[in-house]
Amino acid sequence: MPLPIFQAPEWFLLIPALALLGWFWRSLKLHSPLRAIILLIVTVILADPRLRRQQDALDLWVLLDRSDSTEALVDQGLPEWRRLLEKAKPSRHDELHFVNYAAEVAEMGADGDSFTGSRKLTRTNLGLEHIAAMADEKRPSRVLVFTDGFSTEPLSEAAEQLEKRGIPLDFRLVREETEDDFRVARLDFPERVQIGEPFLITVVVRGSKDQTVPLVLRRNGQKLTETTVTLVNGAGKVEFTDRLPRTGGFEYEAEILPEKDAHPGNNRFNRWIEIAGGPRIVLATRYNDDPVAKVLQSQDFTVQVVSDPGALKPGMLAGARAVVFNNLPAHEIPTDFLKALDFYVREQGGGFLMIGGDRSFGAGGYFQSAIDPLLPVSMELKTEHRKLSVALAIVMDRSGSMSVSVPAGAGKSLTKIDLADNGAANAIDLLGPMDQVSVIAVDSAPEVFVPLTRIENRKAEFQARARKIKSSGGGIFIYEALKAGWEELKKAKVGTRHMILFADASDSEEPGDYKKLLGEMTADGCTITVIGMGTKRDSDAKLLEDIAKLGNGRIYFAEQPMDIPQVFAQETVTIARSAFVKDPVGAKPTGRWAEVSPKPLDWLTEADGYNLSYAREDATVSLATTDEYLAPLVAQARRGLGRTAAISFPLGGEYSEKARAWPGYGDFLQTTARWLMGMETPPGIGIRHRLDGTRLTVDLLYDTALWTDKLSIQPPKMKLIEEGGAPYDVAWKRISPGHFSVTRDLQEGSVVRGAIQVGNVAMPFGPISVGSSIEWAFEPERIAELRAVSNQTGGRELVDLSKAWLRPPFVHEASLKLPLAISLVVLVLAEALLTRTGWKLPLLTLPAGGRVKAAKPARAPKPKKAPAAAVEPVIEMPDREPEQGPKPPPLEAPDESDRRSRFQRAKDRK
């Protein structure tokens with residue numbers, strides 16, 4: 001039996017200390033055998049005894065790469081691998097475990113080979129970490145991974161865990177060599193440069209053989225150059241230089257066009273660069289010669305004017321300090337840019353300003369849009385302020401394509417027609433009692449669910465009817481849909497007649513003579529807005545755009561089905577619950593401008609027109625109208641780390657003559673812009689980021705003398721947002737004084753933006769583009785890393801599967817604390833029992849003759865006489881003979897040992 005080892009042998013120093021304690025304080029009775037044993041056991045427990053035993057068993061974890069690049073090869077080889085591993089199993093105590101992985105990890109089920117997870121990535125590190133967590137600490141384990149070796153993430157974290165657990169990593173490369181595979185391996189340039197600074201762009205191309213491959217380089221989708229790259233020894237490199245005269249984020253794309261390629265998915269590489277400069281403002285405007293841009297540029301602001309709203313991209317927010325919308329309708333602005341503004345303001349500390357006009361605020365369709373919560377004003381017109389009623393016809397596509405299900409969160413799903421039904425119900429809810437509504441469903445023929453009726457108190461009834469519409473099949477006949485809606489609207493005698501046509505942008509059929517019909521409708525004062533399910537690139541998108549244009553309405557494309565109800569609400573508010581007042585109105589300052597600037601302002605006294613809105617509770621109103629509404633003309637608010645403002649009267653174009661003639665026009669715009677830009681980044685702190693495959697690493701570096709105390713009181717915070725997702729927090733890891741770091745695995749093909757909050761200041765970064773062909777990158781460095789991790793953990797590249805069951809030098813340690821603790825409790829209870837009852841353990845004595853015999857029992861004491869009253873007590877000597885009773889026989893002379901025993905008893909009696 002192996003001898004125990006002690007983890008803390010220093011506790012044995014207690015033994016001599018306890019011996020000395022028992023010698024000097026005899027009353028503790030530490031010399032008692034039972035108490036001595038108890039103290040010895042306590043000392044041994046404190047020393048943490050353990051037994052080490054070699055395990056005669058092995059858990060072999062087989063990790064199978066199920067990514068796109070190896071899926072077919074693993075499926076083909078798995079039956080043979082399984083048979084060989086089962087055959088080579090040395091003992092019945094050994095166990096074989098199979099685990100599938102790609103972009104996620106899944107235990108192999110009873111069916112054996114199926115894997116239903118995402119195959120877009122090869123997350124070998126994640127698979128190895130999963131096994132390290134699942135392996136039994138009491139049994140030796142070994143990992144065998146079947147993979148092509150091209151992990152899409154670093155393996156450093158898994159290597160550390162496997163080495164700590166003593167789990168060797170074996171691997172077997174599964175690759176299909178191809179003669180015709182070419183790929184863009186890298187696209188290199190700096191993450192950030194200054195405005196006007198030249199920088200170098202390097203494109204590295206790899207291939208299975210040497211030849212010349214065509215190469216195209218694009219910037220923001222526009223072709224910069226077209227050239228060729230020659231591969232020598234399987235690799236080729238070409239370099240370019242570029243210089244950008246304006247700030248912002250720019251996306252570069254390198255693409256190769258080989259004649260024959262086995263994997264076209266790795267022929268492109270995308271990456272963003274940020275051009276930094278002075279304070280920059282992005283001004284999106286409908287005016288070609290916007291006076292706002294002229295004033296700001298004259299005040300030394302860098303203004304990026306965007307006159308084509310469709311060109312707005314989230315990348316433009318990089319380096320921008322504020323964004324301004326000047327009388328632009330919501331439907332002309334890309335949805336991804338609108339959604340990006342919320343994170344830009346709240347987390348990245350940017351500023352946002354909306355300027356009034358007949359296509360701004362509620363009249364521009366911004367109600368319930370992504371930026372509605374940012375604004376300091378509410379755009380929905382109150383019922384008591386409405387002066388005109390509306391007749392609205394909602395014509396909905398219920399063709400077969402509307403039966404497709406889409407995820408709705410929380411594990412639920414909805415069909416597209418369900419979302420359209422909810423949109424129609426939202427539109428009805430936003431109408432007033434005096435409005436009229438009609439709901440019609442169309443496939444190859446129309447069906448009227450709600451004939452044109454005054455709403456009054458029947459809103460819930462009409463909403464319930466709208467929600468009963470279901471998909472029936474076929475496509476939508478556009479002419480029949482327009483005709484059915486117009487037949488209902490003809491019955492209306494109100495001032496505003498409007499139709500919302502919801503149709504599939506890729507399945508709209510039979511338009512017929514729609515132009516003639518639309519001419520008749522618009523001639524009679526009817527307008528038509530189209531909500532297209534899909535994108536502008538879909539086959540029938542041009543038809544839907546033409547209908548909206550000829551119908552004097554708007555066109556929306558709901559690229560995300562979950563946006564459909566929101567688009568319905570925006571359009572309904574635009575035509576029924578918004579107002580641009582075209583009459584001149586007086587303006588009166590409220591005295592709250594001091595919250596923006598301590599410098600007093602000579603305010604505008606009258607505006608030519610304004611957008612009617614209402615200040616939110618947390619907003620500050622600096623200028624208000626003097627009419628019955630007392631509506632805000634200038635309002636501002638803080639949103640997260642950023643700031644927003646609303647100027648409800650036009651500053652350019654029609655209805656802006658009085659504003660442009662205002663002497664304080666320039667001073668007002670300059671002060672507002674500087675307030676929106678917020679605080680400058682303080683000195684002594686900075687960030688850097690890098691992307692390794694799909695893993696993002698962000699470092700926060702700071703001057704310890706300036707920032708250590710501040711960050712200890714209020715640690716830095718970091719948030720990330722991936723395109724189309726919600727922002728989320730990421731925890732920091734302190735690396736060293738002056739250095740925080742964080743790593744995060746990202747989705748393939750995603751575009752990520754982030755912000756670091758330090759006190760009340762935001763430090764934005766991004767966008768960062770994760771390549772869409774990471775799985776097919778095939779970087780040789782990844783195989784080298786796999787070999788290094790295998791060597792680090794004591795593994796090997798395994799060719800012969802019969803040697804897979806090699807037992808690692810695993811020794812199992814079993815703690816002896818529990819059995820010793822149980823023994824300790826028993827002995828303590830026994831000692832307490834003996835002390836309490838006075839029982840004594842029988843003592844063994846050794847007489848003079850050398851014979852062992854039991855010690856004689858103590859003599860029973862003689863009975864005492866009852867004392868007499870008033871008689872002094874008589875003290876009897878122990879050896880006095882009794883006065884009465886028979887005379888005892890004479891005693892033999894006691895030997896020496898007997899004499900000592902009597903002496904001891906007499907001493908104890910005292």
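Restricting attention to segment 190-203 and to residues that are within 19 Å of Ala254 (Cα to Cα) and outside any strand (DSSP E or B), the residue that is farthest from the chain's Cα centre (by Cα) turns out to be Pro198.
Tell me, which residue of segment 51-107 that is in a loop (DSSP other than H, G, I, E, B) and open to solvent by 60 Å² or more (accessible area, probe 1.4 Å) is farthest from Glu137 (Cα to Cα)? Per the criteria, the residue is Asp68. Of the residues examined, Pro589 is not one that is open to solvent by 70 Å² or more (accessible area, probe 1.4 Å) and either modelled with pLDDT under 95 or farther than 30 Å from Ile428 by Cα (or both). Applying the selection to segment 232-257, what residues are at pLDDT below 90 and crowded, with 17+ Cβ neighbours inside 10 Å? Within segment 232-257, Leu244, Thr247, Gly248, Gly249, Phe250, Glu251 meet the criteria. Would you confirm whether any residue within segment 122-135 is modelled with pLDDT under 85, open to solvent by 10 Å² or more (accessible area, probe 1.4 Å), of a type in the set (Gly, Ala, Ser) and more than 25 Å from Lys237 (Cβ to Cβ)? There is no residue in segment 122-135 that is modelled with pLDDT under 85, open to solvent by 10 Å² or more (accessible area, probe 1.4 Å), of a type in the set (Gly, Ala, Ser) and more than 25 Å from Lys237 (Cβ to Cβ). Highlighted here are the strands (runs of 3 or more DSSP E) found entirely within segment 607-668 that include at least 2 residues which are more than 36 Å from the chain's Cα centre (by Cα) and either at pLDDT below 95 or of a type in the set (A, V, I, L, M) (or both): 620-625, 632-639. Condition check for Met763 on (1) open to solvent by 40 Å² or more (accessible area, probe 1.4 Å); (2) touching a Gly at 6+ places or on another chain (Cβ under 9 Å); (3) within 22 Å of Asp692 (Cβ to Cβ): one failure, at (1).
Hey, does segment 8-28 have a residue that's among the small types (Gly, Ala, Ser), free of Cβ contacts under 8 Å to residues at least 24 places away in the same chain, surrounded by 11 or more Cβ atoms within 10 Å (Cβ to Cβ) and more than 30 Å from Leu820 (Cβ to Cβ)?
No, every residue in segment 8-28 fails to be among the small types (Gly, Ala, Ser), free of Cβ contacts under 8 Å to residues at least 24 places away in the same chain, surrounded by 11 or more Cβ atoms within 10 Å (Cβ to Cβ) and more than 30 Å from Leu820 (Cβ to Cβ).
The set of residues in segment 533-577 being out of contact with any His (no Cβ under 7 Å at 6 or more places or on another chain), among the basic types (Lys, Arg) and under 30 Å from Leu612 (Cα atoms) consists of Lys549, Arg577.
Give Leu669, Leu700, Leu720 a once-over and let me know the one that is farther than 20 Å from Gly754 by Cα and of a type in the set (A, V, I, L, M, F, W, C).
Leu669
The condition of being in a loop (DSSP other than H, G, I, E, B) and basic (Lys, Arg) holds for only one of Arg206, Arg218, Arg183, Arg175, that being Arg175.
Can you report the number of residues in segment 259-275 which are assigned to a loop (DSSP other than H, G, I, E, B) and crowded, with 19+ Cβ neighbours inside 10 Å?
Keep residues of segment 259-275 that are assigned to a loop (DSSP other than H, G, I, E, B), which gives 259-263, 267.
Restricting the remaining residues to those that are crowded, with 19+ Cβ neighbours inside 10 Å gives 261, 267.
Number of matching residues: 2.
Whether a residue is touching a strand residue (DSSP E or B) at 6+ places or on another chain (Cβ under 7 Å), part of a loop (DSSP other than H, G, I, E, B), under 30 Å from Gly759 (Cβ atoms) and open to solvent by less than 50 Å² (accessible area, probe 1.4 Å) was assessed, and Gly278 passes this test. Counting the residues of segment 431-448 that are within 22 Å of Glu510 (Cα to Cα) and open to solvent by 10 Å² or more (accessible area, probe 1.4 Å) gives 6. Restricting attention to segment 241-254, the residues being under 31 Å from the mean Cα position of the chain (by Cα) and closer than 20 Å to Thr202 by Cβ number 6. Is there a residue in segment 467-476 that is modelled with pLDDT of 90 or more, charged (D, E, K, R) and surrounded by 18 or more Cβ atoms within 10 Å (Cβ to Cβ)? No, segment 467-476 has no match at all.
In segment 726-735, the condition of being touching a helix residue (DSSP H, G or I) at 6+ places or on another chain (Cβ under 7 Å) and of a type in the set (D, E, K, R) is met by no residue. Once segment 610-645 is narrowed to residues that are over 18 Å from Phe668 (Cα atoms) and without any contact (Cβ under 8 Å) to a residue 60 or more places away in the chain, the residue that is least open to solvent (accessible area, probe 1.4 Å) is Ala631.
Taking the criterion of being surrounded by fewer than 24 Cβ atoms within 10 Å (Cβ to Cβ) and assigned to a loop (DSSP other than H, G, I, E, B), the only residue of segment 334-348 that qualifies is Pro334.
The values are calculated or read from the model by the stated rules, or taken from the named source; none is laboratory data. All of these numbers come straight from a predicted model, not from anything done at the bench. Note that each Cβ is placed from the backbone with ideal geometry, even for glycine, and that neighbours are counted across all protein chains shown. The accessibility values were calculated without ligands, DNA or RNA, using every heavy atom of the protein model including side chains. Shrake-Rupley method; radii C 1.70, N 1.55, O 1.52, S 1.80 Å.
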